[in-house]
Amino acid sequence: MKTIKDIAQAANCSVSTVSKALNNRSDVSQTTKKRILKIAKENNFYPNAFGKALKSKSTENIGVIFCRESQPLSSNPFYSRVLEGIEAELAIHNYNLVLQLISDENKSEIPKMIRERQIDGLILVGVINQTFVDQLKQIDLPLILIDPKIEQESKWCQILIDNEDGAMQAVQYLIQSGHQRIGFISGDLERQSFSQRFRGYKRALKFNNIPFSEELVQTGGLEKGYEHTARLLDLDNPPTALFSANDINAIYAYKAITERGLAIAGDISVVGFDDIELSRMASPPLTTVRVYKEEMGSIAVRRMISVIQDSDIEPNTTLVPTRLVVRESVRHI
């Protein structure tokens with residue numbers, strides 16, 4: 001980790017000059033100030049984070065960062081509920097929420113609230129790219145990851161869905177309902193949650209001695225459930241049931257099924273994952289795997305408070321269990 005002395009040495013000036021430049025003092029020339037700021041940025045050195053803010057009192061703020069991808073947070077039925085859990089738990093502990101939405105264009109930038117240590121800790125939720133995470137490793141700030149779409153990080157606490165077990169519950173239910181030829185649809189398997197749900201799907205098949213078939217798997221893209229389902233339905237021997245790795249794609253699967261004049265459950269059964277509100281309003285109501293989204297947010301905040309109060313706490317991973325919610329989208333055959 002770079003220190004202010006390192007920045008001074010690289011800029012060929014005194015520590016006091018670096019301090020003045022970083023604090024935008026007027027008694028430093030603009031040329032010198034620009035040179036120092038450039039060197040500081042290149043080295044991910046932020047004075048408020050590494051200097052005076054560390055010695056100050058608690059800000060009583062917790063930062064939360066979401067990546068919007070191509071949609072606003074308000075339209076994401078999963079993460080908006082996670083945020084509700086975070087907000088409710090922060091209120092209990094008398095902490096303020098500082099929310100940052102990062103778009104695809106700037107999700108490698110370090111936000112001001114981190115650079116200037118306006119927060120006591122940071123909660124990262126969902127789709128965060130590895131470059132951004134690598135930069136955060138250089139900053140001494142308590143951090144909790146909720147359902148990250150990156151490889152597991154032993155440096156920080158993580159709140160994860162027990163995706164594999166949830167997927168096994170879903171596929172096991174389809175098998176117990178008499179289905180042997182079960183399709184799988186999802187977004188990109190590079191995302192940790194989807195790859196874990198895919199593993200659960202395959203494990204359930206193996207446990208029941210059902211051969212795995214590549215032709216029954218359609219993955220990739222954002223909300224491509226309609227296209228994925230259409231391809232499976234066009235097979236010479238289409239599946240009798242679908243397991244969708246999230247509810248949104250399951251709802252798109254409904255559309256592809258009904259447009260072909262087929263009946264959901266009657267002709268092809270569907271199970272989703274997440275239990276978003278739309279799954280209850282679908283026709284027929286969707287059988288799905290419930291994820292306790294608000295609880296994930298609450299657990300993250302409680303863990304964050306513990307880390308802030310005791311920096312020696314070892315990073316750990318909390319697996320939040322899931323539960324299959326049986327509705328009307330599966331037919332017993």
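Run lengths n ≥ 4 of DSSP H only: what is the helix-derived mean residue ellipticity at 222 nm for the chain, with -39500 (n - 2.57) per run over all residues, to the nearest 500?
Details: 14 runs with 136 residues, N = 333.
Dividing the helical sum by the residues of the chain leaves -12000 deg cm²/dmol.
Which helices pass in the chain if a helix is a full DSSP H run, must span at least 15 angstrom along its long axis by Cα, and must have mean Kyte-Doolittle hydropathy not below 0.0? Each step should come with its number before you reach the end.
Details: long enough: 30-42 (18 Å, -1.07); 79-92 (20 Å, 0.49); 163-176 (20 Å, -0.34); 192-207 (22 Å, -1.10); 247-259 (18 Å, 0.09); 293-309 (25 Å, 0.12).
Taking the DSSP H segments of the chain (at least 15 Å long, mean hydropathy at least 0.0), we get 79-92, 247-259, 293-309.
Build a GNM of the chain with springs between Cα atoms under 10 Å: which of 141, 222, 286 gets the top mean-square fluctuation?
Maximum fluctuation in the GNM of the chain, among the listed residues, is at 222.
Ignoring ligands, DNA and RNA, how do 247, 188, 140 rank by accessible area with a 1.4 Å probe, largest first?
140, 188, 247
With no solvent and one point on each alpha carbon, what is the Debye value of log10 I(q)/I(0) for the chain at q = 0.12, 0.15 Å⁻¹?
Log10 I(q)/I(0), no solvent term: -0.85, -1.14.
Run the 1.4 Å probe and let me know the accessible area of residue 234, rounded to the nearest 10 Å².
Using a 1.4 Å probe on the heavy atoms, I get roughly 100 Å².
Once the piece of chain linking residue 310 and residue 61 is laid out straight, how much longer is it, given 0.36 nm per residue of separation minus the C-alpha distance between them?
Length difference between fully extended and current span is 88.0 nm.
Kindly report, to the nearest 10 Å², the accessible surface of residue 332 as traced by a 1.4 Å probe over protein heavy atoms only.
120
Just the number, please: carbon plus sulfur as a percent of the accessible area of the chain, 1.4 Å probe, no ligands or DNA/RNA counted. Mind showing how you got there, number by number?
On the way: 7300 of 15730 Å².
Carbon with sulfur: 46 percent of the solvent-accessible area.
Pick out, from 291, 96, 23, the residue whose Cα sits farthest towards the positive end of the charge dipole of the chain, with +1 on the Cβ of Lys and Arg and -1 on the Cβ of Asp and Glu.
23
Would you mind telling me the antiparallel percentage of the DSSP bridges in the chain, rounded to 5? Can you show the working numbers first?
Details: 4 of 43 bridges.
If I count the DSSP bridges inside the chain, around 10 percent turn out antiparallel.
Find out how many positive minus negative residues lie around residue 297, taking Lys and Arg as positive, Asp and Glu as negative, among other residues whose Cβ is under 15 Å from that of residue 297.
Working: positive: 81, 293, 302, 303; negative: 84, 87, 89, 147, 274, 294, 295.
Around residue 297, the surrounding residues sum to -3.
Note down the nm distance, to one decimal, between modelled labels 7 Å out along Cα→Cβ at residue 92 and at residue 141.
2.5
With a 10 Å cut-off between alpha carbons and a GNM built on the chain, which of 143, 205, 235 moves the most?
So, out of 143, 205, 235, the one fluctuating most is 235.
Which longest uninterrupted range of the chain lacks any GluC sites (Glu not before Pro) assigned by DSSP to a loop state (not H, G, I, E or B) and surrounded by at most 10 other Cβ atoms within 10 Å?
Details: sites that count: 105, 151.
Answer - 152-333.
For the chain, modelled as a Gaussian network with Cα springs under 10 Å, which listed residue fluctuates most, 110, 128, 62?
110
Tell me, what is the per residue accessible area of the chain in Å², probe radius 1.4 Å? Mind dumping the intermediate values first?
Numbers: 15730 Å² over 333 residues.
So the chain comes to 47 Å² accessible per residue, rounded to a whole number.
The values are calculated or read from the model by the stated rules, or taken from the named source; none is laboratory data. All of these numbers come straight from a predicted model, not from anything done at the bench. Neighbour counts run over all protein chains shown; Cβ positions are idealised from the backbone, glycine included. To get the accessible areas, we keep the full protein, side chains included, count just its heavy atoms, and leave off ligands, DNA and RNA. Shrake-Rupley method; radii C 1.70, N 1.55, O 1.52, S 1.80 Å.
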